[in-house]
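Structure first, commentary second.
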Amino acid sequence: MNIDTIQQRLLEEVADLHDIPEGAYNLRANGKSIGRNTTANIDIQSKPEGSGIDIRVKDGTKNESVHIPVVLSESGLKETVYNDFFIGEDCDVLIVAGCGIDNCGNQDSQHNGIHRFYVGKNSRIRYVEKHYGSGDGSGKRILDPVTEVYQEEGSTVEMEMVQIKGVDSTERTTLAELKEGAKLVVRERLMTHGEQHALSVYKVSLNGDGSSADVVSRSVARDTSYQKFDACIVGNAACSGHTECDSIIMDSGRILAVPSLEANNIDAALVHEAAIGKIAGDQLIKLMTLGLTEAEAEEQIINGFLK
Amino acid sequence: MLELNNISFNIDDGDGKTEIIRDISLIIPDNKFVVITGPNGGGKSTLARLIAGIHPLTSGQIIFDGTDITNKSITDRARMGIGFAFQQPVRFKGLTVLDLLRIASGSKISVSEACDYLSEVGLCAKEYIDREVNSSLSGGELKRIEIATILARDVKLAVFDEPEAGIDLWSFNNLIRIFEKMRQSDKSRTILVISHQERILNIADEIIVLADGKILKQGSKDEILPDIIGTQYASGVCSRIE
């Protein structure tokens, strides 16, 4: 498998991959699949039209992982990829996705990953998705992912979405539908700087009794960047939902938080919280009395907040 | 040694200037346990914050170990060995107790070293080391973590601003034990505590009574304490802890 040093660095950033991963994987670089492995329980097939992959996990698959990172290091490349995950019943798997773009040219590079998850009864999946951009070209690095999650009875999905650096523009959409007893936990961490724009939209429908969702976003907007967090939880059954947006603004950063709840059942218990503010002066002073400079204190506070 | 030479601090509250600290001169010798007491609004906490560099002086000079630190920043003073424990400890979302102790010690101390500092302030290290320093911790727990950060820094001068504020009686008894232990420690360390607590005043080498921005009395514990006991300057536990 041929990957250059830039692609290797991107892979490390988005998937913590320093070597070929264990278990099932599909590595995509500059629009092509450059490496794939399947296991007895996890199959990966290209879609007939070449626009993505189908990942099928057999019933009862436990403690296995699937890595499907994407790297783009050619300027001007634009692609939309459809990845569908069919997770059987009673599974417990880790899925690591993520996209790294290095753009040193003057044309925009864009990757749109459309991920659909069909999660079988009583299965548990942990999904980690990191986005990262680098390169000093004037061309933008754009990522517009769509994640759709369809959860069967008793299933659990934990999603960790991280975008800390270098993505100029992102519009993330996450849709989820949960049946009885299903549980969705989302932890989103986002930092924007320069003139970056980031939109994050969630619509979670709790359709079955006993289903629950916890969607929490922590974000930092620096320089003149702009973020919009728009999370809606819809309770259509006896369910519980919580959404929280906790943000730090710095410099001339701007954030619009629009948490919303819709209860269509008398037994739906839904909560939202949103807080936006700059770093508290006392926090800076406290760390300065421990010997840090103001800039070091700021960095520690942000690192902790986004950890 | 800490020397305050004719220091004053005014604030402009819109209706003109208010003098908070009025021309105070004071010497705090090395390796002493000094308690500053006095009525609320008398300028005690302001004085502590002036020493840490949190507010700039209006006039006067502060000398620490022979160096003029009047114009030095909070960071510079901290690096010279001045520690400051807040009256209301600051909370941080995401930073853990271990993170804070590592920042305080200035090096990547091991988990077991960090645990030693927590044990010194009476916290079960295992239970707290990975906790976030956020609102899930009680006032007493935060206070003790605050003190642990001072211990981890190994400072030459430790300033505690009303350590008894906002804690319950049980935590207060623990706090006294921690101060007694620090007092008996063979580390060369000067401890300056802002407090009206009789039990804290009782372990002082020296007591300073501050009122209306000025020093009212100053001397050894034996000289000062009998005069102020039972007054608002030296109150018992029950009258202060609610």
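A few points about this structure:
- Counting residues in the stretch B:64-75 that are hydrophobic (A, V, I, L, M, F, W, C), assigned to a strand (DSSP E or B) and modelled with pLDDT under 95 gives zero.
- For the stretch B:169-238, the helices (runs of 4 or more DSSP H) that sit wholly inside it and include 3 or more residues that are at pLDDT 85 or above and surrounded by 19 or more Cβ atoms within 10 Å (Cβ to Cβ) are B:198-201, B:221-228.
- Here the condition is being outside any helix (DSSP H, G or I) and either at pLDDT below 90 or within 12 Å of another protein chain (Cβ to nearest Cβ) (or both); of B:Ala158, B:Ala78, B:Ala114, B:Ala104, it holds for B:Ala158 alone.
- Selection count, the stretch A:235-246, where residues are out of contact with any Leu (no Cβ under 6 Å at 6 or more places or on another chain) and surrounded by 22 or more Cβ atoms within 10 Å (Cβ to Cβ): 2
- All conditions but one from (1) in contact with a helix residue (DSSP H, G or I) (Cβ under 8 Å, 6 or more places away or on another chain); (2) part of a loop (DSSP other than H, G, I, E, B); (3) away from every other protein chain (no Cβ under 13 Å) apply to B:Gly41; the one that does not is (1).
- Checked against (1) farther than 23 Å from B:Arg22 by Cα; (2) among the aromatic types (Phe, Trp, Tyr); (3) within 11 Å of another protein chain (Cβ to nearest Cβ); (4) within 19 Å of the chain's Cα centre (by Cα), B:Phe84 meets all criteria but (1).
- Selection status of A:Gly113, under 14 Å from the mean Cα position of the chain (by Cα) and at positive phi: no
- Just one of (1) assigned to a strand (DSSP E or B); (2) crowded, with 19+ Cβ neighbours inside 10 Å fails for A:Ser75. It is (1).
- When residues of the stretch A:116-148 are limited to those that are of a type in the set (A, V, I, L, M, F, W, C) and within 17 Å of the chain's Cα centre (by Cα), the one surrounded by the most Cβ atoms within 10 Å (Cβ to Cβ): A:Leu143
- Hey, A:Val220 surrounded by 18 or more Cβ atoms within 10 Å (Cβ to Cβ), under 20 Å from B:Gly94 (Cα atoms), away from every other protein chain (no Cβ under 13 Å) and not basic (Lys, Arg) or not: no
- Some residue of the stretch A:275-283 being under 21 Å from B:Asn134 (Cα atoms) and in contact with a helix residue (DSSP H, G or I) (Cβ under 8 Å, 6 or more places away or on another chain): yes
- Test set (1) away from chain A (no Cβ under 13 Å); (2) buried (at least 21 other Cβ atoms within 10 Å of the Cβ); (3) not aliphatic (A, V, I, L, M) - B:Gly53 fails condition number: (1)
- Under the condition of being surrounded by fewer than 18 Cβ atoms within 10 Å (Cβ to Cβ), more than 23 Å from the chain's Cα centre (by Cα) and more than 23 Å from A:Val220 (Cβ to Cβ), the residues counted in the stretch A:260-307 number 7.
- Number of residues in the stretch B:61-72 that are without any contact (Cβ under 8 Å) to a residue 24 or more places away in the chain, surrounded by 14 or more Cβ atoms within 10 Å (Cβ to Cβ) and not hydrophobic (A, V, I, L, M, F, W, C): the value is 2.
- Residues in the stretch B:56-75 that are within 14 Å of chain A (Cβ to nearest Cβ) and among the aliphatic types (A, V, I, L, M): B:Ile69, B:Ile74.
The values are calculated or read from the model by the stated rules, or taken from the named source; none is laboratory data. The structure displayed is predicted, hence computed values, not measured ones. Here Cβ is always computed from backbone atoms with ideal geometry, including for glycine, and neighbour counts include all displayed protein chains.
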